[in-house]
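Peer 1: Below is a structure I'd like to ask you about.
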Amino acid sequence: MAEFRYVTLDVFTDKQFGGNQLAVFLDASGIPESALLPITREFNYSETTFCYPPADPKHEARVRIFTPGAEVPFAGHPTVGTAIALHAKRAQGSFDSTLILEEGVGPVPVTVRTQNGTPFAQFSVAKLPEIGPPVPTRATLADMLSLSADDIVGGTSAPQAISCGLPFLIVGVKTLKALGRARVNLDRWEATMQNAWARDLFVFAADPESGERHYRARCFVPGFSVPEDPATGSANACFAGFLAARAAEKNGTLRWVVSQGVEMGRPSRIEIEADKTDGAITAIRVGGCAVFVMEGTIRLG
């Protein structure tokens, strides 16, 4: 019977039992391919990652990311948490480094440092925002989210499908109360979104009481068997592209803070950035803290 070591972290938080849970297998080389998805479902977290020797020896690791529904080419909180776990394994207490993770979307650079005594990682997206096809009407989306059409933001900030390696439908609502009322109607989702280019929904509202550039968000990922995700770095990367494209600034670095998972009792803080040059988006970064929670072994045989 073979044993494989794992660690778990809470990601996009500086406190245990907040943020988004992640299991990381630091050396998955001996795990059978057929066991990867069952192991992920056993943890039943939003994602589990499996680390292998990199194809390029200059990189830190090749990382495969699984949700309980399927393998995905890229995801944000697994990138942040895995980078911190791998770096902690080799760093012996020092958290100032840059490493590259080989993911399905391509090489992903990640910087790791300490922030107020807690490990913090920030990744740069391997793929700049790609705009998807037209999306359902505000009335259709409102029906799917158990809201009214008047709750959905329109105009220049109307819903849009965006991908930075994993596509999401970005939907703005007018108030935090509307955000709190959102519930995905699975029958409506299956009829409208199941085969769409961007199947999963990132719903946001401005949170002016927390700051001028602060937002609250919820992310519903039924396409990957995750009813609601407490912190979604890949969706927040898309959101950074959404915000940057609409910002008046033509040059410089724009920064925002997103709170997610509040309604789930797992509050998360996600820091997003976008660089613009002559009005074009040239880089997007997503960062946050992570804390270690558990470690152990899983037996296969």
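The values are calculated or read from the model by the stated rules, or taken from the named source; none is laboratory data. Owing to the predicted nature of the structure, the values given are computational and were not obtained by experimental measurement. Reconstructed Cβ throughout: ideal geometry from the backbone, glycine too, with neighbour counts over all protein chains shown.
Peer 1: Anything in segment 46-88 that is crowded, with 20+ Cβ neighbours inside 10 Å and either in the same structural domain as Gly233 (by TED's automatic domain parsing) or part of a loop (DSSP other than H, G, I, E, B) (or both)? List them, or say none.
Peer 2: Selection gives Ser46, Glu60, Thr67, Phe74, Ala75.
Condition check ((1) in the same structural domain as Val184 (by TED's automatic domain parsing); (2) β-branched (Val, Ile, Thr); (3) surrounded by 20 or more Cβ atoms within 10 Å (Cβ to Cβ); (4) in contact (Cβ under 8 Å) with a residue 60 or more places away in the chain) across all residues:
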site: Thr98; (1), (2), (3), (4): no, yes, no, no
site: Leu101; (1), (2), (3), (4): no, no, yes, no
site: Val108; (1), (2), (3), (4): no, yes, yes, no
site: Arg113; (1), (2), (3), (4): no, no, no, no
site: Gly117; (1), (2), (3), (4): no, no, no, no
site: Gln122; (1), (2), (3), (4): no, no, yes, yes
site: Pro134; (1), (2), (3), (4): yes, no, no, no
site: Thr137; (1), (2), (3), (4): yes, yes, no, no
site: Thr140; (1), (2), (3), (4): yes, yes, no, no
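Peer 1: Does segment 216-223 include one or more residues that are over 14 Å from the mean Cα position of the chain (by Cα), surrounded by fewer than 18 Cβ atoms within 10 Å (Cβ to Cβ) and touching a residue at least 40 places away in the same chain (Cβ under 8 Å)? Let's see the steps before the verdict.
Peer 2: As a first pass, look at segment 216-223 and keep what is over 14 Å from the mean Cα position of the chain (by Cα): 216, 222-223.
Then keep just the ones that are surrounded by fewer than 18 Cβ atoms within 10 Å (Cβ to Cβ); that gives none.
Among the residues of segment 216-223, not one is over 14 Å from the mean Cα position of the chain (by Cα), surrounded by fewer than 18 Cβ atoms within 10 Å (Cβ to Cβ) and touching a residue at least 40 places away in the same chain (Cβ under 8 Å), which makes the answer no.
Peer 1: Follow-up. Would you tally the residues in segment 254-280 being of a type in the set (Val, Ile, Thr) and either over 28 Å from Lys15 (Cα atoms) or touching a Gly at 6+ places or on another chain (Cβ under 6 Å) (or both)?
Peer 2: The number of residues fulfilling the criteria is 2.
Peer 1: Here's another thing I want to ask about it. Output the number of the condition that Arg188 fails; it satisfies all remaining conditions of (1) surrounded by 15 or more Cβ atoms within 10 Å (Cβ to Cβ); (2) touching a strand residue (DSSP E or B) at 6+ places or on another chain (Cβ under 9 Å); (3) under 21 Å from Phe220 (Cβ atoms).
Peer 2: (2) is the only condition that Arg188 fails.
Peer 1: Surrounded by fewer than 19 Cβ atoms within 10 Å (Cβ to Cβ) and either under 23 Å from Arg269 (Cα atoms) or not assigned by TED's automatic domain parsing to the domain that holds Phe120 (or both): does that describe Asp14?
Peer 2: So Asp14 passes the test.
Peer 1: Please go through (1) under 27 Å from Leu86 (Cβ atoms); (2) among the aliphatic types (A, V, I, L, M); (3) part of a loop (DSSP other than H, G, I, E, B) for Val112 and return the number of the only condition it doesn't satisfy.
Peer 2: For Val112, the failing item is (3).
Peer 1: Could we say that Ser29 is closer than 18 Å to Ala85 by Cβ, in the same structural domain as Ala88 (by TED's automatic domain parsing) and within 19 Å of the chain's Cα centre (by Cα) here?
Peer 2: It is false that Ser29 is closer than 18 Å to Ala85 by Cβ, in the same structural domain as Ala88 (by TED's automatic domain parsing) and within 19 Å of the chain's Cα centre (by Cα).
Peer 1: Let me confirm something: among Arg246, Arg199, which residue is among the charged types (D, E, K, R), farther than 27 Å from Phe120 by Cβ and either surrounded by 15 or more Cβ atoms within 10 Å (Cβ to Cβ) or in the same structural domain as Phe66 (by TED's automatic domain parsing) (or both)?
Peer 2: The unique qualifying residue is Arg199.
Peer 1: Looking at segment 264-273, can you tell me whether even one residue there is farther than 28 Å from Asn116 by Cβ, part of a strand (DSSP E or B) and in contact (Cβ under 8 Å) with a residue 40 or more places away in the chain?
Peer 2: No, because not a single residue in segment 264-273 is farther than 28 Å from Asn116 by Cβ, part of a strand (DSSP E or B) and in contact (Cβ under 8 Å) with a residue 40 or more places away in the chain.
Peer 1: Next up: If you take the residues of segment 32-45 that are within 30 Å of Gln260 (Cα to Cα) and part of a loop (DSSP other than H, G, I, E, B), which of them is farthest from the chain's Cα centre (by Cα)?
Peer 2: Here the residue is Asn44.
Peer 1: Same structure again: For Ser97, are the conditions met, namely being of a type in the set (Gly, Ala, Ser) and within 30 Å of Ala28 (Cβ to Cβ)?
Peer 2: Values: of a type in the set (Gly, Ala, Ser): yes; within 30 Å of Ala28 (Cβ to Cβ): yes.
So Ser97 fits the description; yes.
Peer 1: Residues that are within 19 Å of Ser268 (Cα to Cα), at least 1 per element: which strands (runs of 3 or more DSSP E) completely within segment 159-248 meet that?
Peer 2: 167-172, 201-206, 214-221, 226-229
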